[in-house]
Amino acid sequence: MARHLALALLAFALAAVVRADDPECVGSTGLVSEGEEGEFFATFHNDAHYAMNVYWVDSSGENHMINRLLPKNKMESNTYVGHVFRAAKTSGEIVREWRITKETHEVRLEPCGEDPGEYMAEDRSAEFKSLVHDQAAPCVGEDSSKWSCIRTTSREDVRKRDITQYGFHEGEGPLRQNFDESYAEHIARMPKITAKGPGFLKMDMPAAMKAHLDNFYAEKRDTAQVHDHIPGGYTNNDLYPFDHINLDYNRDTHQHVIDHMHPIMEWWTNMTLEHTSTFGVRIYKRHSMLINHVDREDTHLASAVIQVAQTVDANGGWPLEVYLPDGAVGEVFLQPGEMVLYEGAWLRHGRPMRFRGTEFANIFSHFKPLPWSGTHAADRPSFYGFKKGRCSTIADEGGSGCSESIKAVGHHSEL
């Protein structure tokens with residue numbers, strides 16, 4: 001019921017911005033792409049109340065679709081000075097055509113011409129609910145490499161871990177605990193963007209998405225390059241290099257993931273979301289690890305880890321950790337074709353266990369609510385309030401972590 005109400009309100013709000021005096025669409029003037037100099041990212045904003053298809057135009061004038069840009073959303077695309085893009089309504093009518101220059105690499109797409117009708121998201125709640133796993137299902141068997149489950153580990157059991165299997169080792173980098181303390185101040189001010197649950201959800205990929213990624217990975221695995229340096233000091237990538245199949249250069253697959261994940265994330269949050277980033281395929285190798293951390297508070301509020309492929313040792317299951325209230329740790333074990341949705345801007349997460357296996361391939365997709373501009377905005381919304389116990393995790397013992405920032409929020413009892 002709430003979902004139908006949200007969709008009805010969205011349709012009403014979008015219909016309200018239709019203007020009778022929208023100018024005529026510019027259409028195409030026959031521009032084609034030229035040159036390959038000055039690579040950078042261009043930003044395109046859809047200011048219309050309807051979706052638009054964005055195309056890159058090659059040197060022969062042929063269109064190549066790179067994104068279906070939803071109303072009031074924006075996208076980034078790597079491009080070059082001299083390249084040409086077109087935007088069209090879903091009916092095919094060309095809205096605008098433009099050439100990238102050093103001065104014009106941020107473009108706003110305004111409504112024009114005949115109104116193509118209201119944008120109305122399809123209600124796929126039943127489909128998405130069918131993909132959700134039993135979050136309380138036990139981890140079955142002794143071989144963790146075959147597990148698909150969520151295991152909760154107590155503070156006491158975390159303290160008994162073999163430290164040689166976790167985090168940085170001597171000579172590899174900063175010798176510290178298995179979580180980051182340097183970027184945590186915003187945690188206490190981050191609202192929940194899901195109404196129920198612990199802030200994460202384990203589920204299957206849609207079948208079409210799994211089939212596409214299976215074929216893509218089989219075809220492209222041998223083209224993987226060594227992953228670039230990853231800033232932040234969260235990984236040991238510089239010592240045990242990850243591999244990378246760059247989705248920025250595989251636009252069809254990049255867009256395929258976005259097209260599937262966007263409605264799933266809006267269903268999970270019951271909010272209109274803006275896509276902010278999708279990247280990968282990141283391929284972790286033996287001894288890889290990623291300490292627990294939180295993501296960017298402005299852009300990475302609703303996120304997904306998508307499990308593409310894995311080859312692991314016997315009993316080498318490699319969970320995504322999430323820090324839970326009262327010092328507990330959730331360990332999310334995935335198999336290929338599965339994924340976990342999570343609120344990564346306040347929920348500490350990572351893979352501090354050192355990987356035991358040959359490869360472990362992930363894609364990451366990130367979104368934010370449309371009215372959100374960061375925790376320091378004077379009019380920041382509270383959405384679904386603040387998760388109780390978020391500042392009582394194992395990272396907050398001794399007054400560290402977000403516990404020092406509780407007073408800034410004014411919701412002491414909730415944190």
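Before moving on, here are some points about what is shown:
- Of the strands (runs of 3 or more DSSP E) contained entirely in segment 255-373, those carrying at least 1 residues that are within 24 Å of LYS220 (Cα to Cα) fall at 273-284, 302-312, 338-342, 357-369.
- When PHE40, PHE12 are checked against the criterion of being assigned to a strand (DSSP E or B), at pLDDT below 85 and within 28 Å of PHE367 (Cβ to Cβ), a single residue qualifies: PHE40.
- Residues that are touching a residue at least 12 places away in the same chain (Cβ under 8 Å) and acidic (Asp, Glu) within segment 86-117 comprise GLU93, GLU97, GLU106, GLU110, GLU114, ASP115, listed in sequence order.
- One residue alone among ILE245, ILE230 is buried (at least 21 other Cβ atoms within 10 Å of the Cβ), within 19 Å of the chain's Cα centre (by Cα) and either of a type in the set (A, V, I, L, M, F, W, C) or over 28 Å from ASN292 (Cβ atoms) (or both), and that residue is ILE245.
- In segment 61-83, the condition of being surrounded by fewer than 18 Cβ atoms within 10 Å (Cβ to Cβ), more than 23 Å from the chain's Cα centre (by Cα), closer than 19 Å to THR253 by Cα and outside the structural domain of VAL257 (by TED's automatic domain parsing) is met by at least one residue.
- Conditions (1) buried (at least 17 other Cβ atoms within 10 Å of the Cβ); (2) at pLDDT 90 or above; (3) out of contact with any Leu (no Cβ under 6 Å at 6 or more places or on another chain); (4) under 22 Å from GLN135 (Cα atoms); number of the one not met by GLN335: (1)
- The listed residues are SER144, SER77, and the only one of them that is of a type in the set (Ser, Thr, Tyr), touching a residue at least 24 places away in the same chain (Cβ under 8 Å) and farther than 25 Å from PRO369 by Cα turns out to be SER144.
- Being at pLDDT 90 or above, of a type outside the set (Phe, Trp, Tyr) and in contact with a Gly (Cβ under 9 Å, 6 or more places away or on another chain) holds for only one residue in MET190, MET205, and it is MET205.
Results for (1) modelled with pLDDT under 90; (2) more than 24 Å from the chain's Cα centre (by Cα); (3) not assigned by TED's automatic domain parsing to the domain that holds ASN63, shown as yes or no for each residue.
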{"position": "ALA88", "(1), (2), (3)": "no, yes, no"}
{"position": "SER91", "(1), (2), (3)": "yes, yes, no"}
{"position": "GLU103", "(1), (2), (3)": "yes, yes, no"}
{"position": "ALA121", "(1), (2), (3)": "yes, no, yes"}
{"position": "ARG151", "(1), (2), (3)": "no, no, yes"}
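- Any chance ASN270 is surrounded by 16 or more Cβ atoms within 10 Å (Cβ to Cβ) and free of Cβ contacts under 8 Å to residues at least 40 places away in the same chain: no
The values are calculated or read from the model by the stated rules, or taken from the named source; none is laboratory data. It should be emphasised that the depicted structure is a prediction, and the values quoted were computed from it without experimental measurement. Ideal geometry is used to build each Cβ from the backbone, glycine not excepted, and the neighbour counts take in all protein chains shown.
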